[in-house]
1. Tell me yes or no: at least one residue of the stretch 156-175 is out of contact with any strand residue (DSSP E or B) (no Cβ under 8 Å at 6 or more places or on another chain) and either without any contact (Cβ under 8 Å) to a residue 24 or more places away in the chain or over 23 Å from residue 216 (Cα atoms) (or both).
2. So if I check each of 163, 209, which one is modelled with pLDDT of 85 or more and among the hydroxyl-bearing types (Ser, Thr, Tyr)?
3. Please tell me if residue 106 is more than 14 Å from residue 61 (Cα to Cα), in contact with an Asp or Glu (Cβ under 7 Å, 6 or more places away or on another chain) and modelled with pLDDT under 90.
4. Assuming residue 552 fulfils every condition listed in (1) at pLDDT 95 or above; (2) in contact with a Ser or Thr (Cβ under 6 Å, 6 or more places away or on another chain); (3) of a type outside the set (Ser, Thr, Tyr); (4) not in a loop (DSSP other than H, G, I, E, B) apart from one, which condition is it?
5. What number of residues within the stretch 166-200 are surrounded by fewer than 19 Cβ atoms within 10 Å (Cβ to Cβ), at pLDDT below 75 and not aliphatic (A, V, I, L, M)?
6. Could you count how many residues in the stretch 281-295 are modelled with pLDDT under 90 and open to solvent by less than 20 Å² (accessible area, probe 1.4 Å)?
7. Kindly indicate whether residue 77 is in contact with a Ser or Thr (Cβ under 9 Å, 6 or more places away or on another chain) and modelled with pLDDT of 90 or more.
8. Output the residues belonging to the stretch 512-522 that are touching a strand residue (DSSP E or B) at 6+ places or on another chain (Cβ under 6 Å) and surrounded by fewer than 15 Cβ atoms within 10 Å (Cβ to Cβ).
Amino acid sequence: MMIALKKKTTFIALLASSFLIATSLASSTCPDGNTLTPTQDTHISSSQGFTVFGSSDMMSVSDQTLCTPRESAALLQFDLTGITSSSSISCATLRLWVSNNMVSVSNGVQATIGVYRLQDGYTWSESSLTYNSYNSAPPTKVKSSTQLYVNGSTDRGQWVTVSIDDILANAAGTIVTLFLETDSFVNTASTVGGCNNVAFASKDRANFSPNHPELIVTSQQDPGTNGDPIILGFRNQVFQFDGQDGAWYANLAIPQQQLQWNMQFQEYPSCPPDENMFVSGLTFSLNNNNNKSDDDNDLKENENTSSTSIMIITTPEAIEECRSDPDAVCLGEGTLHLSFDGGKTFVSNPGDYHFGKAGNSRVVAHNTYAACSRKWHDYEVSRQDKEGKIKNRLGGRRTTVHDEKKPLQLLSDQQASMIDPKECQEWMDDRLSKNDVFQQKGHWSTLYIETEQVSFHVEYRRSDWFQPACDFQSLDAWMTKVSDEMESTSEWSGILGETKYKIYDATSGEQIMADRSLLLRGKDDADYEVSGPFGTEFQAASNTPSSTTTRVVKSLFSSKTTSTAAFE
(Lines give C-alpha, C1' and ligand atoms only; values in the text may rest on other atoms or scores of the structure.)
Protein backbone atom coordinates (compact mmCIF):
# COMPACT_ATOMS: atom_id res chain seq x y z
CA MET A 1 0.00 0.00 0.00
CA MET A 2 1.20 3.35 -0.50
CA ILE A 3 0.78 6.81 0.74
CA ALA A 4 0.89 10.00 -1.15
CA LEU A 5 2.37 10.42 -4.51
CA LYS A 6 2.96 12.99 -7.04
CA LYS A 7 0.85 15.75 -8.00
CA LYS A 8 -1.94 13.78 -6.48
CA THR A 9 -1.03 12.27 -3.14
CA THR A 10 -2.00 8.67 -3.54
CA PHE A 11 -2.58 5.75 -1.19
CA ILE A 12 -2.23 2.46 -2.97
CA ALA A 13 -2.74 -1.13 -1.98
CA LEU A 14 -2.05 -4.31 -3.92
CA LEU A 15 -1.39 -4.76 -7.60
CA ALA A 16 -2.06 -1.24 -8.80
CA SER A 17 -1.82 -1.22 -12.58
CA SER A 18 -0.24 1.30 -14.89
CA PHE A 19 -2.58 4.04 -16.04
CA LEU A 20 -1.20 3.90 -19.56
CA ILE A 21 -2.57 1.59 -22.23
CA ALA A 22 0.02 -0.58 -23.94
CA THR A 23 0.03 -0.97 -27.71
CA SER A 24 1.51 -3.71 -29.83
CA LEU A 25 4.06 -1.32 -31.22
CA ALA A 26 5.19 -0.14 -27.82
CA SER A 27 6.58 -3.48 -26.74
CA SER A 28 9.72 -3.09 -28.80
CA THR A 29 10.31 0.49 -27.79
CA CYS A 30 8.75 1.88 -24.64
CA PRO A 31 7.08 -0.55 -22.22
CA ASP A 32 3.42 0.16 -21.47
CA GLY A 33 3.58 3.05 -23.91
CA ASN A 34 0.95 5.20 -25.57
CA THR A 35 1.33 5.66 -29.32
CA LEU A 36 0.63 9.17 -30.58
CA THR A 37 0.46 10.49 -34.14
CA PRO A 38 1.27 14.09 -35.04
CA THR A 39 -1.39 16.75 -34.87
CA GLN A 40 0.72 18.69 -37.40
CA ASP A 41 3.76 17.90 -39.52
CA THR A 42 5.59 19.58 -42.37
CA HIS A 43 9.03 20.39 -43.71
CA ILE A 44 10.69 23.63 -44.75
CA SER A 45 13.21 24.11 -47.56
CA SER A 46 15.78 26.84 -48.14
CA SER A 47 15.43 26.54 -51.91
CA GLN A 48 11.69 27.22 -51.67
CA GLY A 49 11.58 29.81 -48.93
CA PHE A 50 7.94 30.84 -49.47
CA THR A 51 6.51 27.38 -50.13
CA VAL A 52 4.17 25.65 -47.68
CA PHE A 53 4.55 21.85 -47.47
CA GLY A 54 1.98 21.14 -44.77
CA SER A 55 -0.18 18.93 -46.99
CA SER A 56 2.73 17.01 -48.51
CA ASP A 57 2.76 13.25 -48.07
CA MET A 58 6.47 13.34 -47.26
CA MET A 59 8.80 15.30 -44.98
CA SER A 60 12.24 16.04 -46.38
CA VAL A 61 15.43 16.37 -44.36
CA SER A 62 18.67 17.33 -46.12
CA ASP A 63 21.69 19.60 -45.93
CA GLN A 64 23.97 21.31 -48.44
CA THR A 65 26.73 18.69 -48.37
CA LEU A 66 25.29 16.74 -51.28
CA CYS A 67 22.64 19.14 -52.43
CA THR A 68 23.88 22.71 -52.83
CA PRO A 69 22.29 25.06 -52.10
CA ARG A 70 19.25 23.37 -50.59
CA GLU A 71 18.72 22.40 -46.96
CA SER A 72 15.48 21.21 -45.42
CA ALA A 73 14.18 20.32 -41.99
CA ALA A 74 11.07 18.58 -40.66
CA LEU A 75 8.71 19.66 -37.87
CA LEU A 76 6.29 17.37 -36.03
CA GLN A 77 3.84 18.43 -33.35
CA PHE A 78 2.48 16.00 -30.73
CA ASP A 79 -0.26 16.64 -28.20
CA LEU A 80 0.77 15.33 -24.75
CA THR A 81 -1.99 17.12 -22.84
CA GLY A 82 -3.70 13.78 -22.31
CA ILE A 83 -0.89 12.85 -19.91
CA THR A 84 -1.36 14.54 -16.57
CA SER A 85 1.09 17.36 -16.05
CA SER A 86 2.10 15.87 -12.69
CA SER A 87 3.68 12.92 -14.50
CA SER A 88 7.12 12.55 -15.99
CA ILE A 89 7.96 10.93 -19.32
CA SER A 90 10.15 7.95 -18.48
CA CYS A 91 10.47 6.67 -22.06
CA ALA A 92 9.93 8.36 -25.43
CA THR A 93 10.64 6.88 -28.86
CA LEU A 94 10.12 8.57 -32.22
CA ARG A 95 9.35 6.19 -35.11
CA LEU A 96 9.51 7.30 -38.73
CA TRP A 97 8.91 5.43 -41.98
CA VAL A 98 11.62 6.03 -44.58
CA SER A 99 9.96 6.43 -47.95
CA ASN A 100 11.05 4.19 -50.81
CA ASN A 101 11.00 7.07 -53.24
CA MET A 102 13.36 9.39 -51.39
CA VAL A 103 14.72 11.87 -53.87
CA SER A 104 17.68 10.17 -55.49
CA VAL A 105 19.11 8.67 -52.31
CA SER A 106 21.76 6.20 -53.31
CA ASN A 107 22.86 3.14 -51.40
CA GLY A 108 26.03 4.91 -50.44
CA VAL A 109 24.40 7.78 -48.55
CA GLN A 110 24.29 7.66 -44.75
CA ALA A 111 22.50 10.42 -42.86
CA THR A 112 22.85 11.44 -39.22
CA ILE A 113 19.87 13.48 -38.09
CA GLY A 114 19.60 15.54 -34.94
CA VAL A 115 16.31 15.65 -33.04
CA TYR A 116 15.38 18.82 -31.16
CA ARG A 117 12.52 19.99 -28.97
CA LEU A 118 11.41 23.52 -29.76
CA GLN A 119 10.73 25.93 -26.94
CA ASP A 120 7.39 25.61 -25.16
CA GLY A 121 4.79 28.07 -26.38
CA TYR A 122 6.12 28.22 -29.94
CA THR A 123 3.06 28.24 -32.19
CA TRP A 124 2.96 27.39 -35.87
CA SER A 125 0.58 26.05 -38.46
CA GLU A 126 1.33 23.45 -41.09
CA SER A 127 -0.95 25.38 -43.44
CA SER A 128 1.25 28.49 -43.38
CA LEU A 129 4.75 27.72 -42.09
CA THR A 130 7.56 28.30 -44.57
CA TYR A 131 11.34 28.35 -44.41
CA ASN A 132 11.35 32.14 -44.42
CA SER A 133 8.64 32.55 -41.78
CA TYR A 134 10.34 30.06 -39.50
CA ASN A 135 13.71 31.77 -39.80
CA SER A 136 12.29 35.24 -39.35
CA ALA A 137 11.98 34.51 -35.63
CA PRO A 138 13.48 31.07 -35.00
CA PRO A 139 12.59 29.53 -31.62
CA THR A 140 15.19 28.21 -29.24
CA LYS A 141 15.60 24.46 -29.31
CA VAL A 142 17.09 21.73 -27.15
CA LYS A 143 18.88 18.85 -28.80
CA SER A 144 18.54 15.23 -27.77
CA SER A 145 21.73 13.45 -26.84
CA THR A 146 20.80 10.65 -29.24
CA GLN A 147 20.68 10.91 -33.03
CA LEU A 148 18.64 9.29 -35.77
CA TYR A 149 20.63 7.29 -38.31
CA VAL A 150 19.37 6.48 -41.81
CA ASN A 151 21.29 4.15 -44.13
CA GLY A 152 20.42 4.44 -47.81
CA SER A 153 21.37 0.82 -48.34
CA THR A 154 19.08 -0.78 -45.77
CA ASP A 155 16.49 1.64 -44.44
CA ARG A 156 14.36 2.57 -47.43
CA GLY A 157 10.85 1.24 -46.92
CA GLN A 158 11.61 0.55 -43.23
CA TRP A 159 10.95 2.01 -39.82
CA VAL A 160 13.73 3.92 -38.08
CA THR A 161 13.58 4.86 -34.41
CA VAL A 162 15.32 7.16 -31.98
CA SER A 163 15.02 7.46 -28.20
CA ILE A 164 14.38 11.02 -27.04
CA ASP A 165 13.61 10.50 -23.33
CA ASP A 166 16.00 13.27 -22.34
CA ILE A 167 14.23 16.12 -24.12
CA LEU A 168 10.67 14.99 -23.28
CA ALA A 169 11.06 14.05 -19.61
CA ASN A 170 9.10 17.12 -18.47
CA ALA A 171 6.77 17.38 -21.48
CA ALA A 172 3.67 15.76 -19.91
CA GLY A 173 0.63 17.99 -20.23
CA THR A 174 2.09 20.09 -23.05
CA ILE A 175 2.01 20.35 -26.84
CA VAL A 176 5.47 19.52 -28.15
CA THR A 177 7.15 20.32 -31.46
CA LEU A 178 10.06 18.18 -32.61
CA PHE A 179 12.52 19.59 -35.14
CA LEU A 180 14.68 17.34 -37.33
CA GLU A 181 17.71 18.56 -39.24
CA THR A 182 20.80 16.82 -40.52
CA ASP A 183 24.02 16.65 -38.57
CA SER A 184 25.85 15.05 -41.49
CA PHE A 185 25.37 13.41 -44.88
CA VAL A 186 28.10 10.98 -45.87
CA ASN A 187 28.50 9.51 -49.36
CA THR A 188 30.32 6.18 -49.30
CA ALA A 189 29.53 5.37 -52.93
CA SER A 190 31.72 6.31 -55.88
CA THR A 191 29.01 8.41 -57.49
CA VAL A 192 25.80 10.01 -56.32
CA GLY A 193 23.35 11.54 -58.69
CA GLY A 194 21.15 14.57 -57.99
CA CYS A 195 20.27 16.04 -54.64
CA ASN A 196 20.20 13.63 -51.73
CA ASN A 197 17.76 13.89 -48.90
CA VAL A 198 15.83 11.62 -46.56
CA ALA A 199 12.08 11.60 -47.04
CA PHE A 200 9.87 10.36 -44.24
CA ALA A 201 6.20 9.51 -44.67
CA SER A 202 4.01 12.23 -43.15
CA LYS A 203 0.64 11.95 -41.43
CA ASP A 204 -0.97 13.03 -44.73
CA ARG A 205 0.30 10.14 -46.80
CA ALA A 206 -2.91 8.23 -47.47
CA ASN A 207 -1.29 5.20 -49.09
CA PHE A 208 0.98 4.76 -46.07
CA SER A 209 -1.72 5.03 -43.41
CA PRO A 210 -0.14 2.37 -41.15
CA ASN A 211 3.20 4.12 -41.48
CA HIS A 212 2.49 7.60 -40.25
CA PRO A 213 4.98 9.14 -37.79
CA GLU A 214 4.60 7.90 -34.23
CA LEU A 215 5.73 9.04 -30.82
CA ILE A 216 5.55 6.27 -28.22
CA VAL A 217 5.68 7.48 -24.64
CA THR A 218 5.60 5.88 -21.22
CA SER A 219 4.85 8.12 -18.28
CA GLN A 220 4.75 7.70 -14.55
CA GLN A 221 3.25 9.71 -11.76
CA ASP A 222 6.06 12.00 -10.78
CA PRO A 223 7.50 11.23 -7.37
CA GLY A 224 7.51 14.28 -5.23
CA THR A 225 4.77 16.47 -6.69
CA ASN A 226 1.61 15.39 -4.93
CA GLY A 227 -1.35 17.28 -3.59
CA ASP A 228 -5.07 16.94 -2.84
CA PRO A 229 -4.66 13.25 -1.96
CA ILE A 230 -6.19 10.57 -4.11
CA ILE A 231 -6.80 7.22 -2.43
CA LEU A 232 -6.07 4.05 -4.40
CA GLY A 233 -7.41 1.21 -2.32
CA PHE A 234 -6.62 -2.45 -1.73
CA ARG A 235 -9.12 -3.38 -4.44
CA ASN A 236 -7.98 -0.66 -6.87
CA GLN A 237 -10.67 1.78 -5.78
CA VAL A 238 -9.89 5.42 -6.61
CA PHE A 239 -11.35 8.40 -4.78
CA GLN A 240 -10.32 11.78 -3.43
CA PHE A 241 -9.47 12.65 0.16
CA ASP A 242 -8.66 16.31 0.75
CA GLY A 243 -7.69 16.59 4.40
CA GLN A 244 -6.91 19.67 6.48
CA ASP A 245 -3.60 21.34 7.15
CA GLY A 246 -1.92 19.85 10.23
CA ALA A 247 -4.60 17.23 10.90
CA TRP A 248 -3.90 13.57 11.65
CA TYR A 249 -6.09 10.87 10.08
CA ALA A 250 -6.59 7.15 10.66
CA ASN A 251 -5.35 5.43 7.53
CA LEU A 252 -5.56 1.84 8.76
CA ALA A 253 -6.86 0.53 12.09
CA ILE A 254 -7.02 -3.17 13.00
CA PRO A 255 -9.01 -4.28 16.09
CA GLN A 256 -7.42 -4.79 19.49
CA GLN A 257 -4.85 -2.21 18.45
CA GLN A 258 -2.94 -4.77 16.41
CA LEU A 259 -2.09 -1.88 14.11
CA GLN A 260 -2.86 1.81 13.99
CA TRP A 261 -1.42 3.60 10.96
CA ASN A 262 -2.00 7.35 11.02
CA MET A 263 -0.93 10.11 8.66
CA GLN A 264 -0.62 13.87 8.88
CA PHE A 265 -1.47 16.26 6.07
CA GLN A 266 0.46 19.45 5.50
CA GLU A 267 -0.44 22.37 3.25
CA TYR A 268 2.40 23.98 1.28
CA PRO A 269 1.37 27.54 0.29
CA SER A 270 3.91 27.91 -2.52
CA CYS A 271 2.19 25.14 -4.50
CA PRO A 272 -0.91 25.74 -6.67
CA PRO A 273 -4.11 25.99 -4.61
CA ASP A 274 -5.49 22.67 -5.84
CA GLU A 275 -2.17 20.83 -5.52
CA ASN A 276 -0.82 21.98 -2.19
CA MET A 277 -1.69 19.22 0.32
CA PHE A 278 0.90 16.53 1.08
CA VAL A 279 1.44 13.76 3.60
CA SER A 280 4.20 15.00 5.91
CA GLY A 281 3.97 12.67 8.91
CA LEU A 282 3.36 8.96 9.58
CA THR A 283 2.94 6.88 12.72
CA PHE A 284 2.76 3.11 13.09
CA SER A 285 1.62 1.58 16.39
CA LEU A 286 1.46 -2.16 17.11
CA ASN A 287 0.33 -3.74 20.36
CA ASN A 288 -0.92 -7.32 20.68
CA ASN A 289 -2.17 -6.89 24.22
CA ASN A 290 -4.33 -3.80 23.97
CA ASN A 291 -2.70 -2.17 27.00
CA LYS A 292 -1.81 1.17 25.50
CA SER A 293 -2.45 4.32 27.44
CA ASP A 294 -5.73 6.10 26.79
CA ASP A 295 -3.80 9.35 26.47
CA ASP A 296 -3.08 9.81 22.77
CA ASN A 297 -0.21 12.16 23.49
CA ASP A 298 1.47 9.91 26.09
CA LEU A 299 2.05 6.62 24.28
CA LYS A 300 3.69 4.24 26.72
CA GLU A 301 5.37 0.91 26.23
CA ASN A 302 4.08 -1.41 28.95
CA GLU A 303 6.74 -3.78 30.21
CA ASN A 304 4.25 -6.67 30.07
CA THR A 305 3.36 -6.12 26.44
CA SER A 306 5.22 -6.02 23.14
CA SER A 307 4.32 -2.53 22.00
CA THR A 308 5.96 -0.89 19.04
CA SER A 309 5.59 2.71 17.99
CA ILE A 310 7.30 4.50 15.15
CA MET A 311 6.93 8.13 14.19
CA ILE A 312 8.24 9.66 10.97
CA ILE A 313 8.02 13.42 10.61
CA THR A 314 9.42 16.12 8.36
CA THR A 315 10.53 19.66 9.17
CA PRO A 316 10.57 22.57 6.70
CA GLU A 317 14.16 23.40 7.61
CA ALA A 318 17.10 21.19 8.45
CA ILE A 319 17.82 20.80 12.15
CA GLU A 320 20.78 22.73 13.53
CA GLU A 321 23.05 19.70 13.92
CA CYS A 322 22.76 18.94 10.22
CA ARG A 323 22.78 22.53 9.03
CA SER A 324 25.86 23.70 10.96
CA ASP A 325 28.15 20.75 10.20
CA PRO A 326 29.01 20.47 6.48
CA ASP A 327 30.24 16.92 7.00
CA ALA A 328 27.09 15.69 8.76
CA VAL A 329 25.12 12.98 6.97
CA CYS A 330 21.43 13.39 7.75
CA LEU A 331 18.25 11.93 6.33
CA GLY A 332 16.76 14.28 3.76
CA GLU A 333 19.61 16.71 4.47
CA GLY A 334 18.31 17.12 8.01
CA THR A 335 14.56 17.41 7.30
CA LEU A 336 13.47 13.80 7.98
CA HIS A 337 13.30 12.42 11.52
CA LEU A 338 12.47 9.12 13.27
CA SER A 339 11.20 8.39 16.75
CA PHE A 340 10.91 5.01 18.45
CA ASP A 341 9.41 6.24 21.72
CA GLY A 342 6.19 7.99 20.74
CA GLY A 343 7.79 11.27 19.69
CA LYS A 344 9.81 11.96 22.84
CA THR A 345 13.19 11.73 21.11
CA PHE A 346 14.22 11.66 17.46
CA VAL A 347 17.11 10.52 15.30
CA SER A 348 17.92 12.13 11.97
CA ASN A 349 20.84 10.03 10.74
CA PRO A 350 20.91 7.08 8.34
CA GLY A 351 21.37 3.72 10.01
CA ASP A 352 20.16 0.21 10.77
CA TYR A 353 18.06 0.65 13.93
CA HIS A 354 16.77 -2.21 16.07
CA PHE A 355 14.16 -1.33 18.64
CA GLY A 356 11.32 -2.66 20.77
CA LYS A 357 11.56 -4.47 24.08
CA ALA A 358 13.19 -7.54 22.57
CA GLY A 359 14.98 -5.64 19.84
CA ASN A 360 13.07 -7.64 17.25
CA SER A 361 11.84 -4.68 15.21
CA ARG A 362 14.00 -2.89 12.72
CA VAL A 363 14.19 0.29 10.66
CA VAL A 364 16.78 0.67 7.91
CA ALA A 365 17.04 4.29 6.79
CA HIS A 366 19.34 5.79 4.17
CA ASN A 367 19.41 8.55 1.59
CA THR A 368 18.50 7.40 -1.88
CA TYR A 369 19.71 8.04 -5.38
CA ALA A 370 16.68 9.24 -7.38
CA ALA A 371 16.87 6.35 -9.86
CA CYS A 372 16.45 3.90 -6.96
CA SER A 373 13.28 5.50 -5.65
CA ARG A 374 10.22 3.32 -5.92
CA LYS A 375 7.62 3.92 -8.61
CA TRP A 376 4.26 4.48 -6.98
CA HIS A 377 2.23 2.40 -9.44
CA ASP A 378 4.36 -0.76 -9.51
CA TYR A 379 4.67 -3.01 -6.47
CA GLU A 380 3.51 -6.22 -4.86
CA VAL A 381 2.44 -7.33 -1.42
CA SER A 382 3.48 -10.79 -0.28
CA ARG A 383 2.84 -13.02 2.71
CA GLN A 384 5.05 -12.85 5.77
CA ASP A 385 8.11 -15.06 5.27
CA LYS A 386 8.12 -16.93 8.55
CA GLU A 387 11.69 -18.08 8.08
CA GLY A 388 12.69 -14.46 7.82
CA LYS A 389 11.44 -13.48 11.26
CA ILE A 390 14.08 -12.18 13.61
CA LYS A 391 14.79 -14.65 16.39
CA ASN A 392 15.01 -13.75 20.09
CA ARG A 393 16.74 -15.29 23.05
CA LEU A 394 16.35 -14.95 26.80
CA GLY A 395 17.29 -11.62 28.30
CA GLY A 396 15.66 -9.61 25.57
CA ARG A 397 18.80 -9.55 23.47
CA ARG A 398 18.48 -9.77 19.73
CA THR A 399 20.17 -12.57 17.85
CA THR A 400 21.37 -11.68 14.39
CA VAL A 401 20.55 -14.59 12.12
CA HIS A 402 21.83 -15.37 8.65
CA ASP A 403 18.53 -14.56 6.94
CA GLU A 404 18.38 -10.93 8.13
CA LYS A 405 18.99 -8.95 4.99
CA LYS A 406 21.67 -6.34 4.67
CA PRO A 407 20.54 -2.78 3.86
CA LEU A 408 21.62 -2.93 0.21
CA GLN A 409 19.84 -6.28 -0.20
CA LEU A 410 16.62 -4.65 0.99
CA LEU A 411 17.08 -2.02 -1.71
CA SER A 412 18.01 -4.58 -4.35
CA ASP A 413 14.83 -6.56 -3.64
CA GLN A 414 12.82 -3.56 -4.86
CA GLN A 415 14.70 -3.25 -8.15
CA ALA A 416 11.77 -4.28 -10.34
CA SER A 417 9.73 -1.34 -9.09
CA MET A 418 12.45 1.32 -9.27
CA ILE A 419 12.28 4.41 -11.43
CA ASP A 420 15.47 3.41 -13.28
CA PRO A 421 16.73 -0.07 -12.24
CA LYS A 422 19.74 -0.02 -14.55
CA GLU A 423 21.04 3.32 -13.35
CA CYS A 424 20.29 2.37 -9.75
CA GLN A 425 22.26 -0.87 -10.10
CA GLU A 426 25.38 1.11 -10.92
CA TRP A 427 24.82 3.21 -7.79
CA MET A 428 24.27 0.11 -5.64
CA ASP A 429 27.39 -1.58 -7.01
CA ASP A 430 29.37 1.49 -6.04
CA ARG A 431 27.86 1.50 -2.54
CA LEU A 432 28.60 -2.18 -2.10
CA SER A 433 32.22 -1.82 -3.14
CA LYS A 434 32.73 1.14 -0.82
CA ASN A 435 30.41 -0.04 1.98
CA ASP A 436 29.08 3.49 2.37
CA VAL A 437 25.31 3.39 1.90
CA PHE A 438 24.81 5.11 5.28
CA GLN A 439 27.34 7.80 4.37
CA GLN A 440 25.39 9.01 1.35
CA LYS A 441 23.98 12.52 1.47
CA GLY A 442 20.77 13.41 -0.37
CA HIS A 443 17.38 15.10 -0.37
CA TRP A 444 15.43 11.85 -0.95
CA SER A 445 15.42 8.97 1.55
CA THR A 446 14.22 5.37 1.80
CA LEU A 447 13.09 3.58 4.96
CA TYR A 448 12.31 -0.09 5.55
CA ILE A 449 10.27 -0.88 8.65
CA GLU A 450 10.23 -4.54 9.71
CA THR A 451 8.32 -6.08 12.61
CA GLU A 452 7.13 -9.63 13.21
CA GLN A 453 3.58 -8.70 12.28
CA VAL A 454 3.90 -6.21 9.43
CA SER A 455 6.48 -4.42 7.31
CA PHE A 456 6.47 -1.14 5.41
CA HIS A 457 8.49 0.63 2.75
CA VAL A 458 8.56 4.43 3.01
CA GLU A 459 9.92 6.93 0.49
CA TYR A 460 10.66 10.55 1.40
CA ARG A 461 10.75 13.06 -1.44
CA ARG A 462 11.26 16.78 -1.60
CA SER A 463 10.85 19.37 -4.30
CA ASP A 464 13.93 20.24 -6.30
CA TRP A 465 15.82 23.04 -4.64
CA PHE A 466 16.22 24.75 -8.01
CA GLN A 467 12.45 24.71 -8.65
CA PRO A 468 11.04 26.49 -5.57
CA ALA A 469 7.68 27.32 -7.21
CA CYS A 470 6.15 24.37 -5.34
CA ASP A 471 8.26 23.75 -2.25
CA PHE A 472 6.94 20.57 -0.64
CA GLN A 473 7.85 17.46 1.36
CA SER A 474 6.09 14.15 0.86
CA LEU A 475 6.01 10.69 2.43
CA ASP A 476 4.89 7.65 0.43
CA ALA A 477 4.34 4.33 2.23
CA TRP A 478 3.60 0.74 1.19
CA MET A 479 2.63 -2.22 3.37
CA THR A 480 4.95 -4.92 2.03
CA LYS A 481 4.28 -7.82 4.40
CA VAL A 482 1.53 -8.72 6.86
CA SER A 483 1.18 -11.71 9.15
CA ASP A 484 -1.58 -14.29 8.58
CA GLU A 485 -3.07 -13.42 11.96
CA MET A 486 -3.32 -9.73 11.17
CA GLU A 487 -4.55 -10.25 7.62
CA SER A 488 -7.28 -12.66 8.73
CA THR A 489 -8.74 -10.10 11.13
CA SER A 490 -11.99 -9.34 9.34
CA GLU A 491 -12.73 -5.79 10.41
CA TRP A 492 -10.16 -3.31 9.14
CA SER A 493 -11.14 0.35 9.36
CA GLY A 494 -9.67 3.71 8.46
CA ILE A 495 -9.43 5.40 5.07
CA LEU A 496 -7.30 2.69 3.49
CA GLY A 497 -8.51 -0.10 5.77
CA GLU A 498 -12.08 0.13 4.50
CA THR A 499 -10.89 -0.60 0.96
CA LYS A 500 -9.98 -4.15 2.03
CA TYR A 501 -13.49 -5.09 0.99
CA LYS A 502 -15.01 -5.09 -2.45
CA ILE A 503 -18.18 -3.02 -2.41
CA TYR A 504 -20.90 -3.76 -4.97
CA ASP A 505 -23.95 -1.77 -5.99
CA ALA A 506 -26.91 -3.74 -4.65
CA THR A 507 -28.98 -2.98 -7.76
CA SER A 508 -26.55 -3.26 -10.67
CA GLY A 509 -24.13 -5.73 -9.11
CA GLU A 510 -21.17 -3.67 -10.35
CA GLN A 511 -18.17 -3.13 -8.11
CA ILE A 512 -18.04 0.46 -6.87
CA MET A 513 -14.66 1.89 -7.77
CA ALA A 514 -14.84 5.67 -7.40
CA ASP A 515 -17.88 6.86 -5.45
CA ARG A 516 -16.48 7.89 -2.10
CA SER A 517 -19.94 8.27 -0.56
CA LEU A 518 -20.49 4.53 -1.05
CA LEU A 519 -16.93 3.27 -0.55
CA LEU A 520 -16.33 4.89 2.83
CA ARG A 521 -18.45 4.87 5.94
CA GLY A 522 -17.32 8.37 6.84
CA LYS A 523 -18.86 10.99 4.58
CA ASP A 524 -16.54 13.79 5.71
CA ASP A 525 -12.77 13.97 6.16
CA ALA A 526 -13.36 14.82 9.82
CA ASP A 527 -14.87 11.37 10.36
CA TYR A 528 -11.35 9.92 10.08
CA GLU A 529 -9.54 12.55 12.10
CA VAL A 530 -7.76 11.41 15.27
CA SER A 531 -6.71 13.59 18.18
CA GLY A 532 -2.97 13.31 17.60
CA PRO A 533 -0.15 11.29 16.06
CA PHE A 534 -1.03 8.15 18.02
CA GLY A 535 -4.77 8.71 18.36
CA THR A 536 -7.01 5.68 17.91
CA GLU A 537 -10.54 7.05 18.18
CA PHE A 538 -12.32 8.33 15.06
CA GLN A 539 -15.97 8.67 14.15
CA ALA A 540 -15.98 6.53 10.99
CA ALA A 541 -14.99 3.42 12.98
CA SER A 542 -18.51 3.30 14.44
CA ASN A 543 -20.44 4.56 11.40
CA THR A 544 -23.02 2.33 9.71
CA PRO A 545 -22.25 1.35 6.09
CA SER A 546 -24.51 2.37 3.23
CA SER A 547 -27.71 0.35 2.82
CA THR A 548 -27.42 0.47 -0.97
CA THR A 549 -24.29 -1.66 -1.21
CA THR A 550 -23.15 -5.23 -0.72
CA ARG A 551 -19.77 -6.04 0.72
CA VAL A 552 -17.72 -9.11 -0.18
CA VAL A 553 -14.82 -9.95 2.12
CA LYS A 554 -11.94 -11.81 0.53
CA SER A 555 -8.38 -12.52 1.49
CA LEU A 556 -6.00 -9.90 0.23
CA PHE A 557 -3.66 -12.65 -0.92
CA SER A 558 -6.03 -15.03 -2.67
CA SER A 559 -9.39 -15.10 -4.42
CA LYS A 560 -10.95 -17.21 -1.68
CA THR A 561 -14.06 -15.63 -0.18
CA THR A 562 -13.95 -15.80 3.62
CA SER A 563 -17.31 -14.18 4.32
CA THR A 564 -19.97 -12.06 2.77
CA ALA A 565 -22.26 -9.46 4.23
CA ALA A 566 -25.00 -7.26 2.92
CA PHE A 567 -25.20 -3.79 4.35
CA GLU A 568 -28.66 -3.23 5.76
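1. So far as the stretch 156-175 goes, no, none of its residues is out of contact with any strand residue (DSSP E or B) (no Cβ under 8 Å at 6 or more places or on another chain) and either without any contact (Cβ under 8 Å) to a residue 24 or more places away in the chain or over 23 Å from residue 216 (Cα atoms) (or both).
2. 163
3. Answer is no for this residue.
4. Condition (1) is where residue 552 drops out.
5. 7
6. 2
7. Yes.
8. Within the stretch 512-522, 514 is the sole residue that qualifies.
The values are calculated or read from the model by the stated rules, or taken from the named source; none is laboratory data. Just so it is clear, the model here is predicted, and its values are computed rather than measured. Heads up, the Cβs are rebuilt from the backbone with ideal geometry, glycines too, and the neighbour counts pull from every protein chain shown. Keep in mind that these areas ignore ligands, DNA and RNA; they rest on the heavy atoms of the full protein, side chains included. Shrake-Rupley method; radii C 1.70, N 1.55, O 1.52, S 1.80 Å.
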